[in-house]
2 protein chains.
Amino acid sequence: MTLIHDFETLQKALAKQAGDGKTIALVPTMGALHAGHGSLISKAQEIADFVVVSIFVNPAQFGKNEDFSSYPRTLEADVKFASAQGADVIYAPDADDVYPEGFSTSVSAGKISTILCGKFRPGHFDGVATIVTKLLLRTMPHIAIFGIKDYQQLCVIERVTQDLDIPVEIVPVATMREDDGLALSSRNAYLSASERETAPFLYETLNNVAREIKYSGVSEALAKGTADLTAKGFKVDYLELCDATTLEPLQKPQEDARLLAAAWLGKTRLIDNIAI
Amino acid sequence: MTLIHDFETLQKALAKQAGDGKTIALVPTMGALHAGHGSLISKAQEIADFVVVSIFVNPAQFGKNEDFSSYPRTLEADVKFASAQGADVIYAPDADDVYPEGFSTSVSAGKISTILCGKFRPGHFDGVATIVTKLLLRTMPHIAIFGIKDYQQLCVIERVTQDLDIPVEIVPVATMREDDGLALSSRNAYLSASERETAPFLYETLNNVAREIKYSGVSEALAKGTADLTAKGFKVDYLELCDATTLEPLQKPQEDARLLAAAWLGKTRLIDNIAI
């Protein structure tokens, strides 16, 4: 495993692999790696010959009052973990390497970036779309792996890579969960002991709503789910049934629908989603 | 020479060249080809093994009240001309091929897209940045050729390709002019006989201002140039001295400065620029 901090060295490391005709996979991460990331890296190793894991806490996707400065940074442990999971290269650039002086370009996926989480985190998905475009074009992987946990992010990336003709196959990987159902997330580390006990209720509620929809209709089921979460102490940003590709809100169930939620527990914002 | 109308066929045509290790050059155009385009294609042929000329009147870079529908479309003549100049492939897609249903992504170069022409044609350079990104990623050329005539467009493309790490070398080619100094442009075809007689005064004024700047200072020279153009019947959108890379306006001359102008003659908008 090679740890690389700059684009020039990355290019050299990749040129040889491409010359050898190897299939390259990229797993973009913000570090603070956990078993969820581990499953992405394992998947990459399973389907590609050469695995690049990028670790970059991207300032451009954090809002002014968000947790950019407090976001967990655990590079040493991440390098060990990613290496053990099968990463061939870990690309952990500084902000200057990614955004040199004068940088001013941005990529936007359009409407899909402005709904759901995009409504509560304006500019977030443009920051995501821009950094992922850059990482894809720096790495030129055949495959890029993204977790379904960040479902809207996945949809945004699929939109952008398709629309801009970026030559890569996007491979989604299922959400990993704790035994009690809580989706693995680096931000779970922010939860207090009592919040941690409450947190799995988000996933439980998604499952309840999914069942409820069949009996009482979409808007009733969503209203009940929101009320249940609020009663448990969550501050709900949204709980919505959406088209699985466009994320347009649905008034009634359809094939390829997705139920998505974002809710705060204290100072921690949790997101989760399930298929319907 | 092969005329191609869809991305899939283009990919097949390019795959073989890439396999043979040939250097590919892209010359993006909107058709209505003239000797100015000819010089771009010749340059491409001189420095690359395989030349792709794209012809696409991109709706996304025209404003609501601009000349999208009246823009000259001369595909048959363009194909003959580009072929004679050395094009190996002409890629002339339909709008559906470029922007399939659901397309919603855009690329923006940021501030540089909002000044000069960007101020008068809001969204224009985002349309340019998006289509050029797509054409570059569809073609994956080693080299892409752009005319200096569209100087701000060139700067926007350099900004975008550098910022997004698109692996291509941008090669600028000097403006071709009529004997009387008028820069070649497809839009010159809109000019009436009397407008055509007046049109070279734009270039003449740029040269006058360039001389004047040395004696009377920037703002005085620009004011005089604008007054001269107005007196001749031009409606001046802007006449500005700018940093040659960022296009930030300059109050005094510097190395790497560029003098740029856009002005209307009747219903025709002319642009031109010179180094200072």
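Listed here are the residues, each with its yes/no results for (1) within 18 Å of B:Asp6 (Cβ to Cβ); (2) among the charged types (D, E, K, R).
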| position | (1), (2) |
| --- | --- |
| B:His37 | no, no |
| B:Asp67 | no, yes |
| B:Pro93 | yes, no |
| B:Pro100 | yes, no |
Has the range A:59-78 got any residue that is within 14 Å of another protein chain (Cβ to nearest Cβ) and not acidic (Asp, Glu)?
-> yes
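Here is a yes/no grid of residues against (1) more than 11 Å from chain A (Cβ to nearest Cβ); (2) out of contact with any helix residue (DSSP H, G or I) (no Cβ under 6 Å at 6 or more places or on another chain); (3) in a helix (DSSP H, G or I):
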| residue | (1), (2), (3) |
| --- | --- |
| B:Lys119 | yes, yes, yes |
| B:Pro122 | yes, yes, no |
| B:Lys134 | no, yes, yes |
| B:Pro141 | yes, yes, no |
| B:Ile145 | yes, no, no |
| B:Leu154 | yes, yes, yes |
Only unsatisfied item for A:Pro167, checking (1) part of a loop (DSSP other than H, G, I, E, B); (2) more than 9 Å from every other protein chain (Cβ to nearest Cβ); (3) within 30 Å of B:Thr139 (Cα to Cα), is (2)
Answer yes or no: is there a residue in the range A:186-195 that is part of a helix (DSSP H, G or I), surrounded by 17 or more Cβ atoms within 10 Å (Cβ to Cβ), in contact (Cβ under 8 Å) with a residue 40 or more places away in the chain and aliphatic (A, V, I, L, M).
-> no
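Residue check: is B:Arg196 among the basic types (Lys, Arg) and away from chain A (no Cβ under 14 Å)?
Details: among the basic types (Lys, Arg): yes; away from chain A (no Cβ under 14 Å): yes.
Yes, satisfied.
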Test: A:Leu259 is under 19 Å from the mean Cα position of the chain (by Cα) and either within 15 Å of A:Ile213 (Cα to Cα) or free of Cβ contacts under 8 Å to residues at least 60 places away in the same chain (or both) | yes
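Checking the structure you have, find out if any residue of the range A:133-148 is in contact with a strand residue (DSSP E or B) (Cβ under 9 Å, 6 or more places away or on another chain), within 12 Å of A:Asn273 (Cβ to Cβ) and at pLDDT 95 or above.
From the range A:133-148, those in contact with a strand residue (DSSP E or B) (Cβ under 9 Å, 6 or more places away or on another chain) are A:133-136, A:138-148; that's our starting set.
In the following step, the residues that additionally are within 12 Å of A:Asn273 (Cβ to Cβ) were identified as A:147-148.
Add one more test, that the residue is at pLDDT 95 or above, and what stays is A:147-148.
Scanning the range A:133-148, I find at least one residue that is in contact with a strand residue (DSSP E or B) (Cβ under 9 Å, 6 or more places away or on another chain), within 12 Å of A:Asn273 (Cβ to Cβ) and at pLDDT 95 or above, so the answer is yes.
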If you check A:Val173 against the conditions, is it within 14 Å of chain B (Cβ to nearest Cβ) and within 19 Å of the chain's Cα centre (by Cα)?
-> no
From the option list A:Asp94, A:Asp78, A:Asp150, A:Asp88, single residue qualifying as of a type in the set (D, E, K, R), closer than 26 Å to B:Ala109 by Cβ and either surrounded by 18 or more Cβ atoms within 10 Å (Cβ to Cβ) or more than 18 Å from the chain's Cα centre (by Cα) (or both) is A:Asp94
Among the residues of the range A:244-271, how many are modelled with pLDDT of 95 or more, among the polar types (S, T, N, Q) and part of a loop (DSSP other than H, G, I, E, B)?
-> 2
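Have a look at B:Gly123, B:Gly86, B:Gly102 and point out the one that is touching a residue at least 24 places away in the same chain (Cβ under 8 Å) and more than 28 Å from B:Gly21 (Cβ to Cβ).
Only one candidate qualifies: B:Gly123.
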Does B:Ser54 satisfy the condition of being at pLDDT 95 or above, assigned by TED's automatic domain parsing to the domain that holds B:Val27 and not in a strand (DSSP E or B)?
-> no
Find all pairs meeting these conditions: Cβ atoms under 7 angstrom apart; at least six residues apart or on different chains; first residue within the range B:18-43 and within 25 Å of B:Pro167 (Cβ to Cβ); second residue among the charged types (D, E, K, R).
-> B:Lys22/B:Asp49; B:Thr23/B:Asp49
The condition from (1) more than 30 Å from B:Gly19 (Cα to Cα); (2) within 14 Å of another protein chain (Cβ to nearest Cβ) that A:Thr29 misses is numbered (2)
Residues of the range B:213-243 being crowded, with 19+ Cβ neighbours inside 10 Å and either without any contact (Cβ under 8 Å) to a residue 40 or more places away in the chain or outside any strand (DSSP E or B) (or both), in sequence order, are B:Ile213, B:Val218, B:Ala221, B:Leu222, B:Gly225, B:Thr226, B:Leu229, B:Phe234, B:Leu239, B:Leu241
State whether one or more residues within the range B:58-68 are farther than 17 Å from B:Ala95 by Cα and touching a Leu at 6+ places or on another chain (Cβ under 9 Å).
-> no
Can you work out which of the residues in the range A:162-174 that are within 25 Å of A:Lys12 (Cβ to Cβ) and touching a strand residue (DSSP E or B) at 6+ places or on another chain (Cβ under 6 Å) is surrounded by the fewest Cβ atoms within 10 Å (Cβ to Cβ)?
-> A:Glu169
Looking at this structure, is A:Leu26 surrounded by 18 or more Cβ atoms within 10 Å (Cβ to Cβ), modelled with pLDDT of 95 or more and assigned to a loop (DSSP other than H, G, I, E, B)?
-> no
Which members of the range A:189-214 meet the condition of being among the charged types (D, E, K, R) and more than 21 Å from the chain's Cα centre (by Cα)?
-> A:Glu195, A:Glu197, A:Arg211, A:Glu212, A:Lys214
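The values are calculated or read from the model by the stated rules, or taken from the named source; none is laboratory data. Bear in mind that the values here come from a model prediction, so they are computed numbers and not experimental data. Because the Cβ atoms are built from the backbone with ideal geometry, glycine has one as well, and the counts that use them run over all protein chains shown.
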